[in-house]
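In what follows, a structure is listed as structure tokens, so that the remarks can point back to it.
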Amino acid sequence: MIRSVIQGVGSYLPEKILTNAELAQKVDTSDEWIVDRSGIRERHVAAEGEKTSDLAIAAIRKALASAGRDGKDIDLFIVATTTPDHTFPATAARVQAALGRPGVPSFDVQAVCSGFIYGLAVADNFIKAGQAKSAVVVGAEVMTRLLDWTDRGTCVLFGDGAGAVVLSAEDGKGATSDRGILSTHLHSDGRHYDMLFADGGPSSTQTSGHIRMKGKEVFRHAVVNLADAVQEALEANKISINDVDWLVPHQANKRILDGTAQKLGLDPAKVIITVDRHANTSAASIPLALTAGVEDGRIKPGQMVLMEAMGGGFTWGSALVRM
Ligand code: UT7
């Protein structure tokens, strides 16, 4: 059985850090409120002129280096983003032009905060179908460009960044002892379209719009959907939560992470948390957290990692991976 093995990880964060205290000078909020309600202490903000593709390319370069690979050998480039450089072409086109071999497929995936899980699932299916022997999946976002800085309910929650993985086809036994992606599980429910959305777009307002969110409702759905997505991955692989070495969740809110871990009966020490430093970076948050865990030595080769996300749409899903 073909498995998509994560050969390398890498991330990039813009240099500028915006603290809660600095935000409190712009909008009617406080460090105490933001930390208490979300766990966020600071976020990175892209420099003027710094685009999603710049963040993506920087993260992929590091992932390729950690995999010992050259971009010219990669068969497929997938960019998960909600904040493309342009309405078209895909941001993936710029990424492929900068790093890839001319002619290989590249495209963007739009599933907001679940975008990395969606991208990973698509790449895994390409690899399992024999259509690619290697792939790069990057989550890259400049969410701060979609913020309404007068809306304190949203502008304190998001940040910018990018994280990437390099996948490579390897033979496995079809067992959970195999290295690589063991399963992916995707869901959406468009009835909740208006709970978390940007109030603009080319076909409606001819603008990009700003993030609008019914925070409490999103929160409620998130804890339920994320626990379900984790349970689904465990059942599909006939394992228990105790077999999971690390949960690498989408980083939206520390209280959601704590609530999900508690609902699952998971030791909080097994959850990789970056929301305090990165805030919500949408599709970039999981690969940023994964890279942080690998680079600081917590996530080791051979360990079982469960990723999960939930975002606008709603979209949600999970991916179980042996590193
Ligand atoms: O990535 C995709 C998924 N996104 C999420 O998962 C986000 C989900 N939602 C959340 O994380 C939380 O709902 C929030 C952090 C957005 C809000 O936390 P909350 O505990 O649900 O607070 P709330 O919206 O009920 O607001 C409580 C109070 C309100 O005041 P009143 O009406 O009770 O007087 C708000 O006006 O806090 C006020 N408030 C603020 N105060 C200071 C809202 N934003 C702020 C702020 N600073 N930034």
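Counted without the sites themselves, the longest stretch of the chain free of GluC sites (Glu not before Pro) in a DSSP loop having at most 15 other beta carbon atoms within 10 Å is 49-323. Couplings 3J(HN,Hα) of the range 115-120, computed from phi: x, 5, 5, 4, x, 5 Hz, in residue order, whole Hz [Karplus 6.51 cos²θ - 1.76 cosθ + 1.60, θ = phi - 60°; x for Gly and Pro]. Label-to-label distance for Tyr193 and Asp258 is 3.6 nm, based on points extended 7 Å past Cα in the beta-carbon direction. Computed 3J(HN,Hα) for the range 31-41, one whole-Hz value per residue from the Karplus formula 6.51 cos²θ - 1.76 cosθ + 1.60 where θ = phi - 60°, is 4, 4, 5, 5, 5, 5, 8, 10, x, 7, 10, glycine and proline marked x. Across the range 131-137, rounded Karplus estimates of 3J(HN,Hα) from the backbone phi angles (6.51 cos²θ - 1.76 cosθ + 1.60, θ = phi - 60°) give 7, 8, 9, 8, 7, 10, 10 Hz, Gly and Pro being marked x. Ordered from largest to smallest accessible area (heavy atoms of protein chains, 1.4 Å probe), the residues Lys254, Lys72 come out as Lys72, Lys254. Debye-formula intensities of the range 2-171, expressed as log10 I(q)/I(0) at q = 0.10, 0.13, 0.16, 0.18 Å⁻¹, are -0.40, -0.64, -0.87, -1.02 (one equal scatterer per alpha-carbon, no solvent). Report for the chain the percent antiparallel among DSSP-assigned beta bridges with both residues inside it, nearest 5. In the chain, DSSP labels about 75 percent of beta bridges as antiparallel.
If R0 is 30 Å, the Cβ-Cβ spacing of Thr87 and Glu22 corresponds to a FRET efficiency of close to 0.45.
Spin-label pair Asp296-Ser177: with each label point 7 Å from Cα along the Cα-Cβ axis, the two points sit 3.2 nm from one another. Cross-link reach is defined here as a Cα-Cα straight distance under 29 Å, omitting same-chain residues fewer than 8 places apart; for Lys128 the lysines meeting it are Lys62, Lys72, Lys173, Lys238, Lys300.
Evaluate the relative contact order of the chain (contact order divided by residue number), counting alpha-carbon pairs under 8 angstrom at least 6 apart; express in whole percent.
26
At full extension, Asp148 and Val224 could sit 24.5 nm farther apart than now, given 0.36 nm per residue minus the alpha carbon distance.
Gyration tensor over the Cα atoms of the range 180-322: the corresponding equivalent ellipsoid has semi-axes (square roots of 5 times the eigenvalues, largest first) of 28, 16, 14 Å. So what's the gap between the Cα centers of the range 11-68 and the range 211-264, to the nearest angstrom? Using only Cα atoms to place each centre, the spacing works out to 23 Å.
Here the calculated FRET efficiency for Ala98 and Lys238, from their Cβ-Cβ distance with R0 = 30 Å, stands at 0.10, rounded to the nearest 0.05. Surface composition of the chain: carbon and sulfur atoms hold 51% of the protein heavy-atom accessible area at a 1.4 Å probe.
Net length available on complete extension from Gln206 to Phe107 is 33.4 nm, with 0.36 nm assigned per residue and the Cα-Cα distance removed. Put simply, the Cα atoms of the chain extend 56, 46, 38 Å along their principal axes, the longest span coming first.
Give the ranking of Tyr193, Tyr118 by solvent-accessible surface, highest area first, calculated with a 1.4 Å probe.
Listed by decreasing accessible area, they come as Tyr193, Tyr118.
In this structure the chain gives 41 Å² per residue of accessible area when probed at 1.4 Å with all protein chains present. Based on C-alpha pairs under 8 angstrom that are at least 6 apart in sequence, the range 180-322 has a relative contact order of 37 percent. The largest accessible area among Phe219, Phe314, Phe88, Phe197 belongs to the first residue in Phe88, Phe197, Phe219, Phe314, and the rest follow in falling order (1.4 Å probe, all chains). For the range 2-171, averaging the sequence separation of C-alpha pairs within contact (under 8 Å, six or more residues apart) and dividing by the residue count gives a relative contact order of 35 percent.
The values are calculated or read from the model by the stated rules, or taken from the named source; none is laboratory data. Note that the structure is a prediction, hence the values are computed from the model and not measured. Reconstructed Cβ throughout: ideal geometry from the backbone, glycine too, with neighbour counts over all protein chains shown. For the accessible areas, the whole protein counts, side chains as well, though only heavy atoms, and no ligand, DNA or RNA atoms are used. Shrake-Rupley method; radii C 1.70, N 1.55, O 1.52, S 1.80 Å.
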